[in-house]
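What follows is one structure encoded as structure tokens, with my remarks underneath.
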Amino acid sequence: MNELLGLWWEWFPDLLQGFFLSLQVTGVCLLLGIPLGLVFALGVSAPNKAVRLIFLFVVELGRGAPALILLQYFYYGLPSAGITFSSFTAAALALAYCTGAYTSEIIRGGLEAVASGQREAADVIGLNKLDALRFIIVPQALRIAIPSLLGFSIIMFQASSLCFTIALPELVSRASAIGSNTFQYMPVLALAGIMYAVVCIPATIIVTSLEKKLGASSQT
Amino acid sequence: MSSVSPVSTAAPSVIKVQKTEQAFLSLKGLHKSFGPYEVLHDVSLEMHKGEVLAIIGPSGSGKSTLLRCINQLSPPTAGSVSMDGVTIEAGCSSSRNDLVKLRRRIGMVFQSFNLFPHLTVLQNVSLAQVRTMGRSKRDADKKSLELLDRVGLANKAELYPARCSGGQQQRIAIARALALEPELMLFDEPTSALDPELGLEVLAVMKELANEGMSMIMVTHEMHFAETVSDRVVVMAEGRILEQGISREVMRNPQHERVVQFLRAVRDR
Ligand SMILES: Nc1ncnc2c1ncn2[C@@H]1O[C@H](COP(=O)(O)OP(=O)(O)O)[C@@H](O)[C@H]1O
Ligand SMILES: [Mg+2]
């Protein structure tokens, strides 16, 4: 037991750096991806049919392709078309696209859940379509979507571990590097797993209680 | 003119406005269908400036639909709506400009209030003033506070609507509509979702508005209110106007058998 703790103590600073990089790449991907999701959601429900079809295609592509493929495509595929990204940029962009595609469905659900009376009220006080979206519909839709968006963010944090396939030195990359140097795969992966869990378990509990709270308040 | 009912011509000369004056609002031959179902059949109606009209009738008779046709929230499938020189013909791709002009001059209050729950009471009343009238936020807030004061709710300005009672929410909705200085106010069963006492606060505000000369069309089940506050009552059933005339006459001495039945049913309730 003491031996294990000693090893963990030795590896921990290295893994912690990877952990922060995982958080960073997740943060950037959400910061880009959720606004993208809003744009996709509005595009998919646009009145113009051509616009709708284009957005539908983009969204279905993002949802249909595994995140791993998107990562590989942005990092290894695009350079052959003359576009080269650092592994961090490629990871952030690929995961942002994935986030945009998935959250667009969540946000679209939120948009549809806004009571129809709200649109009518915006209409009769003379707000134009854009103002109605900006001041009335989108703020309420996002509020409805918050618990699901947070839930998705936790999944995205876990999915950021896929970035080890494009040589981003995040938590799993570092753990597996240590594993291959020391042949101590089991203990190092266990430590990495605990580090994910330390973030994800409390976050999930918070999201669940938030969900209950928002659900209860919307019923009054 | 087909829109003048037998009752109003037979009535004594207490009608406020001469009929020779050009109508302020004029609905001609309105039809409205939802898919294959026509719910308004050839409705025509005229109204003078400052007049208060009550629309009564059994539920499902098309009262809400008629109000929503007037402000084009739900555009009629045939017929025309004219208000003070602006005419919207159904079917013609009327200029957006005219639609906006008409809409801007008509305020509407819904049965379910439809306040914006994520905005404070003050923001609810100010938003459209800033976005559509080009008022500065400061001027808009000043005007909103005056209006909230007028409906007795200046002290609620910073609260969210959910913290207010139903009656208070409906008065806020009235202030929100008045903030745009409408020339015509439409009320769709403004008290139906409220307990009777709370409804009274709303009716008091409406009565004051009527006394100040606001042109109003209200759909209501409050027969006493309709009789005492409105100048004219319009009775609808199955998508048509059955009878209209001076409120007291229609309520006390209805001509149409269907109207007699309806009024009896309402009184017995
Ligand atoms: N959006 C709609 N789609 C289909 N039918 C509708 C719609 N709105 C109203 N109707 C129908 O039109 C008729 C008149 O409704 P409404 O105007 O709401 O009546 P009222 O307000 O007098 O109770 C009803 O039969 C109703 O079912
Ligand atoms: Mg109705």
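Every read-out reported here was derived from the displayed coordinates using simple, explicitly stated rules and does not represent laboratory data. The model shown is predicted, which means the values in this text are computed figures rather than measured ones. Using ideal geometry, Cβ is built from the backbone for each residue, glycine included, and neighbour counts are taken over all protein chains shown.
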TODO: Determine Rg/Rh for the range B:119-199; Rg is computed over alpha-carbon atoms and Rh is the Kirkwood hydrodynamic estimate from the same atoms.
DONE: 0.97
Open item on the list: Starting from the 7 Å offset along Cα-to-Cβ, what nm value, one decimal, do you get for the label separation of B:D42 and A:R63?
Closed with: 5.0
Open item on the list: Please report, ordered by residue number, every helix of chain A (full DSSP H runs) that is 18 Å or longer along its axis going by C-alpha atoms and whose mean Kyte-Doolittle hydropathy reaches 0.0.
Closed with: A:2-44, A:49-64, A:87-113, A:138-159, A:185-218
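With +1 assigned to the C-beta of every Lys and Arg and -1 to the C-beta of every Asp and Glu, and no other charges, what is the dipole magnitude of chain A about the Cα centre in debye, to the nearest 20?
Working: 11 positive and 11 negative charges, 120 e Å.
For this selection, approximately 580 debye.
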TODO: Take each complete run of DSSP H in chain B, measure how far its Cα atoms stretch along the helix's own axis, and keep only those covering 15 Å or more with mean Kyte-Doolittle hydropathy at least -1.0; list them.
DONE: B:121-132, B:166-178, B:196-211, B:257-268
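Return the Rg/Rh value of the range B:160-204, two decimal places, where both radii are evaluated on C-alpha atoms and Rh is the Kirkwood radius. Kindly include the intermediate steps, with their values, before the conclusion.
Values: Rg = 10.8 Å, Rh = 11.1 Å.
Here the Rg-to-Rh quotient is 0.98.
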Task: Neighbouring partner chain Cβ atoms per residue of B:184-190, average, 10 Å criterion - done: 0
Task: Per-pair calculated FRET efficiency, R0 = 22 Å: A:R143 and B:E197 via Cβ, rounded to 0.05 - done: 0.10
Task: Residues with amide H under 5 Å from that of B:M218, placed H, sequence gap 5 or more - done: B:L53, B:A54, B:I55, B:F187
- [ ] Mind checking the full-extension length gain between A:E112 and A:K213? Use 0.36 nm per residue of separation minus the Cα-Cα distance, one decimal, nm.
- [x] 34.3 nm
- [ ] Output the Cα-based Rg and Dmax of the range B:25-268 in Å, rounding Rg to one decimal and Dmax to a whole number.
- [x] 18.1, 56
Open item on the list: Between B:R96 and B:S33, what's the calculated FRET efficiency when r is the beta-carbon distance and R0 is 22 Å? Round to 0.05.
Closed with: 0.45
Task: Pair-distance profile P(r), taking every C-alpha pair of chain A, with 10 angstrom steps and integer % - done: 8, 27, 29, 21, 11, 4, 1, 0
Task: Approximate spin-label separation A:F20-A:T204, in nm, with each point projected 7 Å along Cα-to-Cβ - done: 2.8
TODO: Nearest 5 is fine: what % of DSSP beta bridges in chain B come out antiparallel, could you say?
DONE: 55
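Given just the C-alpha atoms of the range A:83-199, how large is their convex hull per residue in cubic angstrom?
Working: hull volume 13.3 nm³, N = 117.
It is 114 Å³ per residue.
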- [ ] Using only alpha carbons, build the gyration tensor for the protein assembly as shown and give me the equivalent ellipsoid semi-axes, biggest first, whole Å.
- [x] 62, 24, 19
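Between their Cα atoms, which of A:K213/B:K207; A:K212/B:K143; B:K49/B:K142; B:K32/B:K101 are more than 31 Å away from each other?
Values: A:K213/B:K207 41 Å; A:K212/B:K143 39 Å; B:K49/B:K142 28 Å; B:K32/B:K101 22 Å.
Going by Cα-Cα distance, A:K213/B:K207; A:K212/B:K143 fall outside the 31 Å limit.
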TODO: Write down the percent of antiparallel bridges among all DSSP beta bridges whose residues are both part of the protein assembly as shown, to the nearest 5.
DONE: 55
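For a quick check: sort B:R240, B:R267, B:R176 by the number of other beta carbons within 10 angstrom, fewest at the front. All intermediate terms of the calculation are to be shown ahead of the outcome.
Numbers: B:R240 15, B:R267 9, B:R176 28.
By the 10 Å Cβ count, ascending, the order reads B:R267, B:R240, B:R176.
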